[in-house]
Amino acid sequence: TKAAKSGQLQRSTLTHFCLPLCMHAILQRSARKETYDSSLCEVGLTCLSELAARVSWTTALSTVRTLANALKKTSEREKPIVRAICKVLGSFDYHLPDALATFKGSKD
(Lines give C-alpha, C1' and ligand atoms only; values in the text may rest on other atoms or scores of the structure.)
Protein backbone atom coordinates (compact mmCIF):
# COMPACT_ATOMS: atom_id res chain seq x y z
CA THR A 1 0.00 0.00 0.00
CA LYS A 2 2.91 2.39 0.59
CA ALA A 3 4.11 1.96 -2.99
CA ALA A 4 0.60 2.51 -4.32
CA LYS A 5 0.13 5.65 -2.21
CA SER A 6 3.42 7.13 -3.35
CA GLY A 7 2.66 6.48 -7.01
CA GLN A 8 5.54 4.05 -7.52
CA LEU A 9 3.26 1.47 -9.13
CA GLN A 10 1.65 1.88 -12.52
CA ARG A 11 -2.12 1.64 -12.82
CA SER A 12 -1.71 -1.55 -14.89
CA THR A 13 0.34 -3.14 -12.10
CA LEU A 14 -2.36 -2.29 -9.60
CA THR A 15 -5.09 -3.66 -11.87
CA HIS A 16 -3.43 -6.84 -13.12
CA PHE A 17 -1.24 -7.86 -10.18
CA CYS A 18 -2.25 -6.22 -6.89
CA LEU A 19 -6.03 -6.29 -7.33
CA PRO A 20 -6.19 -10.06 -7.98
CA LEU A 21 -4.06 -10.65 -4.88
CA CYS A 22 -6.47 -8.55 -2.80
CA MET A 23 -9.46 -10.38 -4.23
CA HIS A 24 -7.86 -13.73 -3.42
CA ALA A 25 -7.15 -12.60 0.14
CA ILE A 26 -10.77 -11.52 0.59
CA LEU A 27 -12.58 -14.37 -1.15
CA GLN A 28 -10.26 -17.30 -0.41
CA ARG A 29 -12.40 -19.40 -2.74
CA SER A 30 -10.63 -22.68 -2.03
CA ALA A 31 -10.84 -22.30 1.76
CA ARG A 32 -13.55 -24.05 3.72
CA LYS A 33 -15.41 -22.16 6.42
CA GLU A 34 -13.09 -23.59 9.09
CA THR A 35 -9.91 -22.61 7.26
CA TYR A 36 -10.97 -19.12 6.11
CA ASP A 37 -8.32 -16.70 7.40
CA SER A 38 -10.01 -13.51 8.60
CA SER A 39 -6.63 -11.80 9.19
CA LEU A 40 -5.70 -12.35 5.55
CA CYS A 41 -9.10 -10.96 4.59
CA GLU A 42 -8.46 -7.80 6.64
CA VAL A 43 -5.16 -7.24 4.85
CA GLY A 44 -6.92 -7.73 1.53
CA LEU A 45 -9.62 -5.23 2.48
CA THR A 46 -7.05 -2.63 3.51
CA CYS A 47 -5.15 -3.11 0.28
CA LEU A 48 -8.35 -3.04 -1.80
CA SER A 49 -9.34 0.25 -0.21
CA GLU A 50 -6.03 1.81 -1.24
CA LEU A 51 -6.20 0.37 -4.75
CA ALA A 52 -9.76 1.51 -5.38
CA ALA A 53 -8.64 5.13 -5.10
CA ARG A 54 -6.05 4.58 -7.85
CA VAL A 55 -7.68 2.42 -10.52
CA SER A 56 -9.93 3.38 -13.42
CA TRP A 57 -13.71 3.53 -13.17
CA THR A 58 -13.98 0.49 -15.42
CA THR A 59 -11.74 -1.52 -13.09
CA ALA A 60 -13.62 -0.39 -9.98
CA LEU A 61 -16.98 -1.24 -11.58
CA SER A 62 -15.69 -4.63 -12.72
CA THR A 63 -14.43 -5.33 -9.19
CA VAL A 64 -17.83 -4.50 -7.70
CA ARG A 65 -19.54 -6.75 -10.25
CA THR A 66 -17.12 -9.60 -9.50
CA LEU A 67 -17.77 -9.22 -5.79
CA ALA A 68 -21.53 -9.10 -6.34
CA ASN A 69 -21.35 -12.32 -8.36
CA ALA A 70 -19.23 -13.93 -5.64
CA LEU A 71 -21.88 -12.92 -3.13
CA LYS A 72 -24.47 -14.92 -5.09
CA LYS A 73 -22.22 -18.00 -5.13
CA THR A 74 -20.75 -17.94 -1.62
CA SER A 75 -23.26 -16.67 0.90
CA GLU A 76 -21.06 -17.77 3.83
CA ARG A 77 -18.64 -14.95 2.86
CA GLU A 78 -21.38 -12.32 2.85
CA LYS A 79 -19.85 -9.99 5.45
CA PRO A 80 -16.34 -9.70 3.93
CA ILE A 81 -17.75 -9.40 0.40
CA VAL A 82 -20.15 -6.62 1.38
CA ARG A 83 -17.32 -4.89 3.23
CA ALA A 84 -15.15 -5.17 0.09
CA ILE A 85 -17.89 -3.66 -2.07
CA CYS A 86 -18.24 -0.79 0.40
CA LYS A 87 -14.46 -0.28 0.41
CA VAL A 88 -14.34 -0.01 -3.38
CA LEU A 89 -17.30 2.35 -3.59
CA GLY A 90 -16.15 4.41 -0.62
CA SER A 91 -12.53 4.77 -1.68
CA PHE A 92 -12.91 5.30 -5.41
CA ASP A 93 -12.06 8.81 -6.56
CA TYR A 94 -15.06 9.39 -8.81
CA HIS A 95 -13.63 10.84 -11.99
CA LEU A 96 -16.98 11.85 -13.39
CA PRO A 97 -15.80 12.42 -16.99
CA ASP A 98 -14.27 8.91 -17.02
CA ALA A 99 -17.43 7.38 -15.56
CA LEU A 100 -19.64 9.31 -17.99
CA ALA A 101 -17.56 8.13 -20.96
CA THR A 102 -17.86 4.52 -19.78
CA PHE A 103 -21.61 4.90 -19.33
CA LYS A 104 -22.08 6.43 -22.76
CA GLY A 105 -19.90 3.72 -24.33
CA SER A 106 -22.03 0.96 -22.77
CA LYS A 107 -25.21 2.46 -24.26
CA ASP A 108 -23.91 2.08 -27.84
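Computed values, structure above
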{"item": "Only listed residue being of a type outside the set (F, W, Y), at pLDDT 90 or above and in contact with a Gly (Cβ under 8 Å, 6 or more places away or on another chain), chosen from S62, S39, S49", "result": "S49"}
{"item": "Check on A84, modelled with pLDDT of 95 or more and of a type in the set (G, A, S)", "result": "yes"}
{"item": "Unmet criterion (only one of (1) farther than 29 Å from A101 by Cα; (2) out of contact with any Pro (no Cβ under 9 Å at 6 or more places or on another chain); (3) open to solvent by less than 80 Å² (accessible area, probe 1.4 Å)) for C41", "result": "(2)"}
{"item": "Failed item, numbered, when A68 is tested on (1) without any contact (Cβ under 8 Å) to a residue 40 or more places away in the chain; (2) touching a Gly at 6+ places or on another chain (Cβ under 9 Å); (3) not polar (S, T, N, Q)", "result": "(2)"}
{"item": "Residue count for segment 6-31, restricted to those that are at pLDDT 90 or above and of a type in the set (D, E, K, R)", "result": "1"}
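The values are calculated or read from the model by the stated rules, or taken from the named source; none is laboratory data. Here the structure is a predicted model, which means the values were calculated and not measured. Counting neighbours? That spans all protein chains shown, and the Cβs are built from the backbone with ideal geometry, glycine included. Heavy atoms of the whole protein, side chains included, go into the accessibility calculation; ligands, DNA and RNA do not. Shrake-Rupley method; radii C 1.70, N 1.55, O 1.52, S 1.80 Å.
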